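Below is one structure, written out as structure tokens, with a few remarks after it.
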């Protein structure tokens, strides 16, 4: 049986993005399964979710912002983070703000449901399903480290997903990647 409180396997695939004392944003963090992992890794974490009750137990380990980001002004204007994480959430109008939150040298780790999910369950509305290549388009301007688009039969609940891990360059002269590529986090 899978533990739904475990952090995202896509997040765990990128331990090099979780540097102690770096800042992290967990957007639509829910009850905090990923946020807790980031805090345990020594990161300074900000969690955003509309469910204030779900955020309440996280206040001792993270800055929490209870807001419906689909109905309110963007609460993170001009703020940037060393890691921006989004799991199982899609609100297309915010994609530019989400990408803009990635600091120079920072990571975007994003995974959510993709077209095809409607054939096996929820979510099934097109509003909540990425179309082919949509996440790649949203991340234009970032350096794409990895991208996946397909059916994940290994997930606790098998599903169609798109996933991306991307970096924002530090600026001119940033020629050398500062990450290791390995499928085995133990080798990192």
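What are the residues in segment 120-130 that are surrounded by fewer than 14 Cβ atoms within 10 Å (Cβ to Cβ) and in contact with a helix residue (DSSP H, G or I) (Cβ under 9 Å, 6 or more places away or on another chain), if any?
Once the filter is applied, which keeps residues that are surrounded by fewer than 14 Cβ atoms within 10 Å (Cβ to Cβ) and in contact with a helix residue (DSSP H, G or I) (Cβ under 9 Å, 6 or more places away or on another chain), segment 120-130 yields 122, 124, 125, 126, 127.
Can you give me the ranges of the helices (runs of 4 or more DSSP H) entirely in segment 1-77 with at least 3 residues that are at pLDDT 95 or above?
Result: 33-40, 52-55.
What pairs can you find where one residue is in segment 124-136 and without any contact (Cβ under 8 Å) to a residue 24 or more places away in the chain and at positive phi, the other is surrounded by 12 or more Cβ atoms within 10 Å (Cβ to Cβ) and not in a loop (DSSP other than H, G, I, E, B), and their Cβ atoms are less than 8 Å apart, with a gap of 6+ or different chains?
Correct list of pairs: 133/149.
Being modelled with pLDDT of 95 or more and over 21 Å from residue 145 (Cβ atoms), is that true of even one residue in segment 78-89?
There is at least one residue in segment 78-89 that is modelled with pLDDT of 95 or more and over 21 Å from residue 145 (Cβ atoms).
Just to check your reading of the model, which residue among 147, 113 is in contact with a strand residue (DSSP E or B) (Cβ under 9 Å, 6 or more places away or on another chain), without any contact (Cβ under 8 Å) to a residue 24 or more places away in the chain and either part of a strand (DSSP E or B) or closer than 25 Å to residue 18 by Cβ (or both)?
The match here is 147.
For every residue, the table says whether it meets (1) closer than 19 Å to residue 12 by Cα; (2) modelled with pLDDT of 85 or more; (3) out of contact with any strand residue (DSSP E or B) (no Cβ under 6 Å at 6 or more places or on another chain).
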{"site": "118", "(1), (2), (3)": "no, no, yes"}
{"site": "130", "(1), (2), (3)": "no, no, no"}
{"site": "135", "(1), (2), (3)": "no, yes, no"}
{"site": "138", "(1), (2), (3)": "no, yes, yes"}
{"site": "142", "(1), (2), (3)": "no, yes, no"}
{"site": "151", "(1), (2), (3)": "yes, yes, no"}
{"site": "167", "(1), (2), (3)": "yes, yes, no"}
{"site": "175", "(1), (2), (3)": "no, no, yes"}
{"site": "179", "(1), (2), (3)": "yes, no, yes"}
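The values are calculated or read from the model by the stated rules, or taken from the named source; none is laboratory data. Remember, predicted model here, so these are calculated numbers, not experimental data. Glycine also receives a Cβ, built like all others from the backbone with ideal geometry; neighbour counts cover every protein chain displayed.
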